[in-house]
């Protein structure tokens, strides 16, 4: 594809937490007739199908974490090369606005946008500003935030705009789906997932907790659990005699969430945003090794609103989790109230808000050039 000019440029890291919001915004801007260029690292060559209608440009980048001594020494030079490359490409495509989504591949692009005085913004998906966004948040014109910033806010709080996280269309379609509260003798629908980094702990903790529940209670459980492929056999054996559907991936996860009466999960930004949108109570166990402990403040947004529970993995024993599951399912009215409280926090128009923000930045550039 020939790289277009007069573009809105999006720059995102390689993980789903950064890419999914970028994809959602790209689709909305293409729908509005805008020309989109995606700038990322060398993995960008695989992104063509993820960003239909957008041109892909790759720039050098580097992370300082998980690298060898030699890697740490060369990282600044890789980033510098990325800045030069990005600056050149931003000028070539005549970027009217540059939107960053965090992750280390976005850093050279956002620094180049600042140096080149291109109107720019970042989206922070978590309540704790990530390191890449933290490096540029005082340079960009606007900082869009999925949640109120709990830690590492920009010097000028006026540049923070609360937009919410862009959501998948399947999630938006289920926004505020009716909640089927548990009854005294009906089935108990429990959904469990942990993400790629956190599924192992869920595969160990939740089956061990379920094993401690009374037989009459276990007979009513209907569990759906996402596990790592290598854990499927052991989890299936642990659930012997309990109704449980296990898989390493569920393509219809939003529908599974809508059917759940209680969710046990990590508290990544996407998970918390989807729980809010659909409106489901959850026991949230923040990933203990997340950078800057960024999942705990996400979970606390729900727990402080009485929409769920936040519990540290270090204090969560099978006995404690079994008690929490039993107590939660014992009060269907309370779970229904928590489901409503979760949905009250939702911002399901986040992608429209972000698209408006991007268009306003682009228009400001056009006015300045006139």
Revision key, fill the gap. The strands (runs of 3 or more DSSP E) lying entirely within region 123-236 that contain at least 2 residues which are within 30 Å of residue 333 (Cβ to Cβ) and at pLDDT 95 or above are 188-193, 221-226
Check your understanding: So is residue 115 at pLDDT below 95 and outside the structural domain of residue 300 (by TED's automatic domain parsing) or not?
Key -> no
Check your understanding: Regarding residue 332, is this residue touching a strand residue (DSSP E or B) at 6+ places or on another chain (Cβ under 7 Å), surrounded by 15 or more Cβ atoms within 10 Å (Cβ to Cβ) and within 17 Å of residue 190 (Cβ to Cβ)?
Key -> no
**Study point:** All helices (runs of 4 or more DSSP H) inside region 244-321 with 2 or more residues being over 23 Å from residue 151 (Cβ atoms)
**Key:** 253-259, 269-278
Exercise for review: Taking residue 195 as the residue in question, decide whether it is assigned by TED's automatic domain parsing to the domain that holds residue 335 and closer than 30 Å to residue 79 by Cα.
Suggested key: yes
Practice item. Output yes when any residue across region 98-119 is within 23 Å of residue 80 (Cα to Cα) and free of Cβ contacts under 8 Å to residues at least 12 places away in the same chain, and no when none is. Key: yes
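The values are calculated or read from the model by the stated rules, or taken from the named source; none is laboratory data. These numbers were taken from a predicted model, which means no experiment stands behind them. Here the Cβ is made from the backbone with ideal geometry for all residues, glycine too, and neighbour counts use every protein chain on show.
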